[in-house]
Amino acid sequence: MTKRNQTLKKQRSWYQSMWRWHFYAGIIFAPIFIILAVTGSIYLFKPQIEDRLYSEMVFTEESGERVSLEKQVQAVNKKYPEATVSSIGQFEEADRTTRMGAMFGEEAGFVYVDPYTAEVTGQRLGEGPLGFIKTIHGELFAGKVGNLLVELAASWAIILLITGSYLFWPRGERGSFKRVLFPSFQKKDGARNFWKGLHGAVAIWSTLGLVLIIASGLAWSGVAGEWINTIATKTNSNFPQYAYGLDETLTSQVVTKDIAADIPWATQNDVVPTSGPAKPIPMTVSEVDRAATQRGIVKPYQITLPQGERGVYTISSLHSNPVQEKTMHFDQYSGTILSSVAFSDYGLLAKMISMGIGFHEGKLFGLLNQLVGLALCLGLIFIVISSSVLWWKRRNGAGKLTAPKRAVDRRVQKIVAGLILWISLTMPLAALSVVTIIVLDFLIFNRRRHDKEELAA
């Protein structure tokens, strides 16, 4: 075999090996990608959808001075004696009602109160239709198992984008890179090349945005999320040490996400301090509200009420821009700040993840961010559909659907498998699945080869 033929064989083996990994991962996870893209594109517009669905509850008319938060809480208790108010959401728009988080027995919900009249404008239990969409998006309505499947699919999506970039990378033709970004739509190219060009172009244009969305989403996942949080904490790139509280004797085993909702990612695992010894009269909500405002928290924010005699007031920013995030814990009796962590206090990794989550949720730069997210979701849907079309058009002469052939060069197969494993090491479930595939492939391939040798003998 000439040197040129050996080079061509090796190049073809690299392409076939990458394609094989790309093909099987795409086929296996395609349905999950479609579900995530559809639900994600809907959830991006949660603020607008909920404002429309609950407009009568959420909006009011500005009319003079606001009544105290205590009177607003009393109005909720009078209207719903069985309810226990747990949080108070304050918003910057003058025409928005106060949102009271409340427990109705075992069920969580919200009650909305006109801040000018203390009139209850409405109540809703659970998270509504958007909560249903969120559950599908995060766990496929299958609990922990569904969450693991979503995490596994998201991890493999990153591998697919990397292998796909290799497959569509121009190889020596003049101007070919331009053709990848702007494919030809001439009839002479044929239907399959038309779809292949579109598939590659949309994927290449979407890759960076999709990687950002997927990687930031992994911060919420069951395995990768805990792994990322551990790495951030061990490397001091998460929340600062003083987030544990000023006095070690007043710390607890509870973390912020256990007592409050809508908490920034970087402070969800902060250890919640406890209030000092109980005193006859705790601070009122209005006093805490004023104290928080004096210490730099601006609307929108949420006040989470103390749980028990040693509980604390937790004030957390509800800003869409992560740079404005701030979480504070107040002693419920003295008003002493027990912990205060702002975006500027986060470590590097926590800042990066917070910005990524803001982009993932469409909050980082307003409506434009939502539209970019929508375009990426639609792009992912098209990538999946076009890949299915390409597979269908790849039928052999007998009209059967076929998979990519195994690469001839076994050394290249091993190198590519090693590269895939190396890429997946940052994603625990993906790494575990890659190792499993490599072991099974090795065992099955060796058995088939052994069977062929026995038949030949």
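The values are calculated or read from the model by the stated rules, or taken from the named source; none is laboratory data. For clarity, every value in this text was computed on a predicted model and none was experimentally measured. All Cβ positions, glycine included, derive from the backbone under ideal geometry; neighbour counts span all protein chains shown. Protein only, heavy atoms only, side chains kept; ligands, DNA and RNA dropped before computing areas. Shrake-Rupley method; radii C 1.70, N 1.55, O 1.52, S 1.80 Å.
List of remarks:
- Put a dot 7 Å past the Cα of ALA261, heading toward its Cβ, do the same for TRP391, and the two dots end up 3.9 nm apart.
- Inter-label distance, nm, simple model (7 Å from Cα along the C-beta direction), LEU167/LYS78: 6.6
- A full extension of the chain between ILE34 and TRP205 corresponds to an added length of 59.7 nm, given 0.36 nm per residue minus the alpha carbon distance.
- Sorting the segments 79-86, 36-43 by their residues' average number of neighbouring beta-carbon atoms within 10 angstrom, most packed first, yields 36-43, 79-86.
- In segment 321-394, one over the average inverse separation of all distinct C-alpha pairs is 15.6 Å, which is the Kirkwood hydrodynamic radius.
- Net charge of neighbours whose Cβ lies under 11 Å from the Cβ of VAL67, counting Lys and Arg as +1 and Asp and Glu as -1: -2
- Here the simple spin-label model places points 7 Å from the Cα toward Cβ, and for ILE438 and LEU8 these points are separated by 3.2 nm.
- The alpha carbon radius of gyration of segment 46-141, expressed as a multiple of 2.2 N^0.38 Å, is 1.12.
- Anisotropy class of segment 1-78 from Cα gyration tensor, a/c 1.5 cut: prolate
- The Cα center of segment 364-393 and the Cα center of segment 28-48 differ in position by 10 Å.
- Of the solvent-accessible surface of segment 27-66, computed with a 1.4 Å probe and all protein chains present, 61% belongs to carbon and sulfur.
- Entries of LYS46/LYS299; LYS9/LYS196; LYS78/LYS299; LYS78/LYS144; LYS144/LYS363; LYS9/LYS393 with Cα pairs more than 29 Å apart: LYS78/LYS144
- In loop segments of segment 31-66 as defined by DSSP, the GluC sites (Glu not before Pro) with at most 14 further C-beta atoms inside 10 Å of their C-beta are GLU61, GLU62, GLU65.
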